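Read the structure below first, then the notes.
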Amino acid sequence: MPIAHIMAGIPASNRSLYRQIRFLVGDPVALAEVDSGPAKGRTLILRDIEMERAKRDARADRVACPRDFEPAGGLSGDRETATAQALAEYLRRADVREAVADRTLPLIYADQLREAGIALRLDLDFGVSDRRKKDASEIAALRAAQAATESAMRYACELIGKATALADGTLTYNGAPLTSELVRATIDLRLLGLGYENPPSIVAGGPSGADCHEQGRGALRTGEPVVIDIFPQHRTNLYHGDCTRTVVNGAIRPEISLMHTAVVAAKKAAQDATRAGVTGESVHRAALAVLTARGYAYGQPPNGAPATWCGMTHGTGHGIGLDVHEAPLLDFKGPVLVEGDAITIEPGLYCRAIGGVRVEDMVIVTLGGCENLNTLPEGLSWR
């Protein structure tokens, strides 16, 4: 008896479903891949006005609309309910009595399958493990996204690095204070022109950079580290770039230089440890070994820690693709890496008295190591 693997939802927001069909639409769709029998193959059910475009562009063997599989009681006037009803009716007609779903399946589809007498089983790896192994077109999209990200990063780092400092240390641009908000705006405009949408970038100067996810606000100052983290998404293919650099305008204090040297060494150690077959945890431990050997801590600052406490407060990196954060993690309990994993490597050090220093590259995991998609310098000075 045939078994179907199913996904459903809205591809514009369900990245696992989008990756399966590579077709972007903002209405509910259902995808069923039947393993045997006359219905064998991938059938995509979606709104009738999208069918011609889907036949041309979607990765499916057959394209249908809910009306093609109207149950005896008729279809609901609600699009999502109608799509779920049609999926259940399609599977019933295909003599499918068991379906396997991914973790994102909306409950409304599960309910319609239950009413149709179709058993439903969850496969936690479906849509996760297959999504990790990037194909050639995905790697090309990631490479282009990282190139665009680096273009914006270079512009932002040079803007800060070459800015003029007033007597009180405030940086200026065209006679006005150079702020985190202004740098973010210039990043957004540059990426928009390249076809990318950009969530608010991190431009965190001085002590605010001690929080690794602080966006930053207000005037930037000479002599302080500024953490810049840019992670845009292509407006059409949805793939992300992700790059972090740290820039200092003017003289670089020894303690900042030491933090940066340690971070760059930790990134190299993690990158050298990366290859298919090793775990994300082992890559994380390689970065930590460098930082702790140089006297830096790991984890969250203990209660009552002085402002001079300095350490790494996060994992070494994460998977990237259609989401900026996806499997696998480079952290404790991180899984075995596979060929085609796209991951970031981003060790950082954080100190409330100084700020943060983080450097991040994107790499593609290979059998013998990894390919770094970044070309930007890693240094603190961008004059």
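Can you say what percent of the DSSP beta bridges in the chain, counting only those with both residues inside, are antiparallel? Round to 5.
Taking every DSSP beta bridge within the chain, about 80 percent pair in antiparallel fashion.
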Self-check item: Candidates per chymotrypsin sites (Phe, Trp or Tyr not before Pro) in the stretch 286-383, loop by DSSP, up to 15 other Cβ within 10 Å
Solution: Phe332
Quiz item: Say the dipole of the chain comes from +1 at the beta carbon of Lys and Arg and -1 at that of Asp and Glu; which of Ile10, Ala266, Ser137 then lies farthest toward its positive end?
Solution: Ala266
Quiz item: Can you pull out the cysteines in the chain that have no other Cys Cβ under 4.7 Å?
Solution: Cys65, Cys157, Cys212, Cys243, Cys370
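State which helices in the chain qualify, where a helix is a whole DSSP H run, it must extend 15 Å or more along its own axis by its Cα atoms, and its mean Kyte-Doolittle hydropathy must be at least 1.6. Show your work: numbers first, answer last.
Values: long enough: 79-93 (21 Å, -0.79); 136-161 (36 Å, 0.39); 180-193 (20 Å, 0.56); 254-273 (28 Å, 0.24); 280-293 (20 Å, 0.72).
Result, helices passing both filters: zero.
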Self-check item: Paired Rg and Dmax values of the stretch 133-372, which use every Cα atom, in angstrom
Solution: 17.6, 54
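Quick note: the coordinates plus some simple rules give every number you see, no bench work behind them. What you are looking at is a predicted structure, and each value in this text was computed from that prediction instead of being measured. Using ideal geometry, Cβ is built from the backbone for each residue, glycine included, and neighbour counts are taken over all protein chains shown.
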